[in-house]
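Participant: Sending over a structure as structure tokens; questions will come in a sec.
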Amino acid sequence: MLLLLAQIALADSFLTSVDLPLPRGSVAPGAAGPCGPEVTKLANSADAFEHAMILGACHGYDPNPALVSQVRKGTGPLHDLDLGWTLMYEATYGGKSQKEGEAAIRAAMKARASDPRVLLVSALVLAQEDLFVKQGSWDAPTARTREIVKIVHTAAALGRSAPDADFQRGLNAAVDYLVMYAVFEELAGDRADLSGGD
């Protein structure tokens, strides 16, 4: 069963199946690997969407300890987010870093509680943990999935306070993916609220 879930995660993943808009001038790497220059560049970026998309491209669809090592050495305003994202994706492939990854994500959310992009990426990482790492409920909402829905709503509210078309596109893409799983179907009924009523 664990192997089957890992195979599903290769094609479908909260971390690699949501297309988040990159800022102008940023390009995700074309091939997986340690991505030294790209990860170093992230130390100067505070755009959580950019971090998530670059890490996803660098990680690829196999365990990538070289990337984990590179991220651990990294710095910057979103270091906790990067570490949490990377460790949780490694945990999807059987890595033992799930607790450290969750702690890093929670630290990122606390440090940047008013950044809707950080919250949205964090929600996707926590969804990855719940369904693919912990093998949680795919159908019945749980305390964790309700927490993830709440984080998405908080991100949406923050996004409405400073409207940003790229954030809204990222939010729409995340919700479109989340509602493919029955455990998050309540978000489907919240689309008007999540888009500001548009």
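Participant: Only one of (1) touching a helix residue (DSSP H, G or I) at 6+ places or on another chain (Cβ under 8 Å); (2) under 27 Å from Ser161 (Cα atoms) fails for Ala32. Which number is that?
Facilitator: (2)
Each row is one residue, and each column tells you yes or no for (1) under 14 Å from the mean Cα position of the chain (by Cα); (2) in contact (Cβ under 8 Å) with a residue 12 or more places away in the chain.
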position: Ala108; (1), (2): yes, yes
position: Arg112; (1), (2): no, yes
position: Gln128; (1), (2): yes, yes
position: Val152; (1), (2): yes, yes
position: Arg160; (1), (2): no, yes
position: Ala165; (1), (2): no, no
position: Ala173; (1), (2): yes, yes
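Participant: Then there's this: Could you run through the stretch 44-89 and say how many residues are closer than 23 Å to Ala173 by Cα and among the acidic types (Asp, Glu)?
Facilitator: 3
Participant: I'd like to verify a number: residues in the stretch 130-153 that are among the polar types (S, T, N, Q) and either surrounded by 24 or more Cβ atoms within 10 Å (Cβ to Cβ) or within 20 Å of Leu194 (Cβ to Cβ) (or both), how many?
Facilitator: Residues flagged as among the polar types (S, T, N, Q) and either surrounded by 24 or more Cβ atoms within 10 Å (Cβ to Cβ) or within 20 Å of Leu194 (Cβ to Cβ) (or both) within the stretch 130-153 amount to 1.
Participant: Quick check on my filter: what residues within the stretch 93-129 are farther than 30 Å from Pro163 by Cβ and either open to solvent by 10 Å² or more (accessible area, probe 1.4 Å) or touching a strand residue (DSSP E or B) at 6+ places or on another chain (Cβ under 7 Å) (or both)?
Facilitator: Passing the criteria: Tyr93, Gly94, Gly95, Lys96, Ser97, Gln98, Lys99, Glu100, Glu102, Ala103.
The values are calculated or read from the model by the stated rules, or taken from the named source; none is laboratory data. All of these numbers come straight from a predicted model, not from anything done at the bench. Cβ coordinates were reconstructed from backbone atoms using ideal geometry, including for glycine residues, and neighbour counts include every protein chain displayed. Heavy atoms of the whole protein, side chains included, go into the accessibility calculation; ligands, DNA and RNA do not. Shrake-Rupley method; radii C 1.70, N 1.55, O 1.52, S 1.80 Å.
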